[in-house]
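Colleague: Pasting a structure here, questions to come.
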Amino acid sequence: MADPVFFNRAGPFSLLQLAEIAKAKISGTDNHEELFEDVAPLDTASARDVSFLDNKKYIDAFSKTNAGVCIVHPDLESRAPKGAVLLVTEKPYQAYAKVAQAFYPDQPCKAQISTNASIDKTATLGKGCRVDDGVFVGAGATIGDGSHIGHGSFIGSGVKLGSGCVVGHNVTIQYAIVGNGCTFHPGVRIGQDGFGFAPGSPPEGHIKVPQLGRVLIGDMVEIGSNTTIDRGAGPDTKIGDGTKIDNLVQIGHNVEIGMGCFIAGLVGISGSTKIGNFVMLGGQSGYAGHIKVGDGAQIAAQSGVMRDVDPGSRLVGAPAIPDREFFRQVAALSRLAKSKNIKKGKPEN
C-alpha cells in the first residue's frame, strides 16, 4: 500500500470495473462484483489487492502470490496459483498502469495565483491556473488553461505554455513554445544557450556564436528532473508529441526528436542530431553531432553512437554496432580467453 501521507487512494473498484479499465478478460470467478482496494507487488499483495505479472523473472512470485486478482498475459495464465482470479490481457503492463492510475489519479489543479509570484502585466494566464510562491512569469508569456507552475520556477518572456501543463519546482523555461499536457519535473532547464563557439587561438580565443533559435515541445511530453534542453543556434530544437525523457539528460542545440520516444537517464545528444519516431535510447548512451537515428531504433545502455542508424536497428557497444554482431564478438573473446587459460594449464571456471 502506498503511504497515505503522500498519496491519495481512490476506490474500491469492483472486478468488473477493473476489467473495463484494463480492457482485460476476467478468469477464475463468476463474482464480478467483488471489490478490491489497492494495487501491490506480487510478494506483498493481500486478498484485497490487485497485482500483475509482466516479466518472466517473477513467475515464482506469481505462482505463490496472495493477491486477490492478478493481471497477466494469456501465455502465463497457467502459472497462476490454484483458484486465482485473473485479468487476462495481451498487454499486462499497460493494463496495470491504467488500473494503478484509477486507484491513484492525478490530483486536479486548484486554481490559485500566489501574491508572492512576480507576473508581468503583459503576461496572459488561462482559466484555472495555479501559480505558486516565488514564480516569475516574463513579459508576453502565455500560460494555458489549468496549468500549474511550481514554487520558484521561471517562465521567460514570450514563452507559450499550453493547457494542462505541470511545471515542477525550480524549473526554467525560456525561448520555448510548449504544447498541451506536458510535465516538467523539478530542476528542468529549457531554452538556455546551446554550446556554440567558433574555435580560436590566442590572443583572440574562442568566439561565442549567438544562439538564435527556440525550443519547440509538442503535446504530452514528460521531462525528468535536472534534464537540460538547449535552444537552437538558428534552427530550432524540437521534441515531438508523446516523447518521455528521464532525469539528467542533455539535449544539445538544433537536436530534433520525434514522436513517442523513450530517452533514459544520463543520455547525451550532441547538436544537430535527428532522432526519429518511437526510438528508445538506453541510459548513459551518447550521440555524436549531425547524425540521424531512424524510426524505431533501439540503442542499448552506455552505447556510443557515432554514425547514422537505420530504422529499426538494435545497437550495442562503444562504438555502437548491431546487437548480434556485438554478442558474437563477446562470445569469440570469451572462447579465446578460455583457450589461452587451457594452454597455460589454468582450469576453466
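Colleague: Set the Förster radius R0 to 22 Å, insert the Cβ-Cβ distance between residue 9 and residue 97 as r into 1/(1 + (r/R0)^6), and round the FRET efficiency to 0.05.
Modeller: Efficiency at R0 = 22 Å is approximately 0.85.
Colleague: Of 156, 11, 196, which has the largest mean-square fluctuation in a 10 Å C-alpha GNM of the chain?
Modeller: Comparing 156, 11, 196 in the GNM, the peak value goes to 11.
Colleague: Which distance in nm do the two modelled labels at residue 332 and residue 212 give, with both placed 7 Å along the Cα-to-Cβ direction?
Modeller: 5.0
Colleague: Counting only C-alpha contacts under 8 Å and six or more residues apart, can you give the relative contact order of the range 13-103 as a whole percent?
Modeller: 31
Colleague: Taking θ = phi - 60°, what integer Hz values does the Karplus form 6.51 cos²θ - 1.76 cosθ + 1.60 yield along the range 127-136, in sequence order, with x for Gly and Pro?
Modeller: In residue order, the calculated couplings are 5, x, 7, 10, 10, 8, 4, x, 6, 10 Hz.
Colleague: Net charge near residue 175: determine it from the other residues with C-beta under 12 Å of the C-beta of residue 175, scoring Lys and Arg +1 and Asp and Glu -1.
Modeller: +1
Colleague: Run the numbers on the range 232-338 and let me know its relative contact order in percent, using alpha-carbon pairs under 8 Å that are six or more apart.
Modeller: Contact order relative to length: 16 percent.
Colleague: Taking 27 Å as the cut-off for C-alpha to C-alpha distance, list the pairs among 64/91; 110/160; 91/292; 121/274; 57/274 that go past it.
Modeller: 91/292; 121/274; 57/274
Colleague: Which whole-angstrom value gives the distance between the alpha carbon centres of the range 269-332 and the range 139-214?
Modeller: With the range 269-332 and the range 139-214 each reduced to a Cα centre, they are spaced 28 Å.
Colleague: Another question, then. Quick one: what are the phi-derived ³J(HN,Hα) couplings along the range 73-81, Karplus 6.51/-1.76/1.60 with θ = phi - 60°, whole Hz, x for glycine and proline?
Modeller: Values per residue, Gly and Pro as x: 6, x, 5, 10, 4, 5, 8, 6, x Hz.
Colleague: Using only Cα atoms, what Kirkwood radius does the range 105-183 have, in angstroms?
Modeller: 11.9
Colleague: What label, among [x] 5, 23, 28, 24, 14, 5, 1, 0; [y] 5, 23, 33, 25, 12, 3, 0; [z] 5, 19, 21, 23, 19, 8, 3, 1, 0, belongs to P(r) over Cα pairs in 10 Å bins from 0, in percent computed from the structure on display?
Modeller: Given [x] 5, 23, 28, 24, 14, 5, 1, 0; [y] 5, 23, 33, 25, 12, 3, 0; [z] 5, 19, 21, 23, 19, 8, 3, 1, 0, the calculated one carries the label [z].
Colleague: Counting only trypsin sites (Lys or Arg not before Pro) that sit in a DSSP loop (anything but H, G, I, E, B) with at most 12 other Cβ atoms within 10 Å, what is the longest stretch of the chain containing none of them?
Modeller: The longest uninterrupted stretch comes out as 128-306.
Colleague: Let me ask you something else. Report the local net charge at residue 71: Lys and Arg +1, Asp and Glu -1, summed over other residues whose C-beta lies under 10 Å from its C-beta.
Modeller: That works out to +1.
Colleague: Take residue 79 and residue 63, extend 7 Å from each Cα along the Cα→Cβ direction, and tell me the distance between the two endpoints in nm.
Modeller: 0.9
Colleague: I would also like to ask the following. Mind giving me the nanometre distance, one decimal, between the label points for residue 43 and residue 324, set 7 Å out from Cα along Cα→Cβ?
Modeller: Between residue 43 and residue 324, the simple spin-label model gives 3.7 nm.
Colleague: Would the range 13-103 count as rounded, prolate or oblate if I go by the C-alpha gyration tensor, calling it rounded below 1.5 in a/c and otherwise prolate when a/b exceeds b/c, oblate otherwise?
Modeller: Rounded.
Colleague: A follow-up question, please. Using the Cβ atoms and a cut-off under 15 Å, what net charge is assigned to the surroundings of residue 328, where Lys and Arg are +1 and Asp and Glu are -1?
Modeller: Once all neighbours under 15 Å are counted, the net charge is +1.
Colleague: Efficiency by 1/(1 + (r/R0)^6): what FRET value for residue 139 and residue 204, r their Cβ-Cβ distance, R0 = 51 Å, to the nearest 0.05?
Modeller: Computed FRET efficiency for residue 139 and residue 204: 0.90.
Colleague: Tell me, what HN-Hα J-couplings in whole Hz come from the Karplus equation 6.51 cos²θ - 1.76 cosθ + 1.60 at θ = phi - 60° for each residue of the range 50-55, using x for Gly and Pro?
Modeller: Each residue of the range 50-55 in turn: 9, 10, 7, 10, 10, 9 Hz.
Colleague: Report the FRET efficiency, 1/(1 + (r/R0)^6), for residue 222 and residue 20, where r is their Cβ-Cβ distance and R0 is 25 Å, rounded to 0.05.
Modeller: The pair residue 222/residue 20 has a calculated efficiency of 0.45.
Each reported figure results from applying straightforward, stated rules to the coordinates on display, with no laboratory input. Model, not experiment: these values are computed from the prediction. Neighbour counts are summed over all protein chains in view; Cβ atoms, including those assigned to glycine, are modelled from backbone coordinates with ideal geometry.
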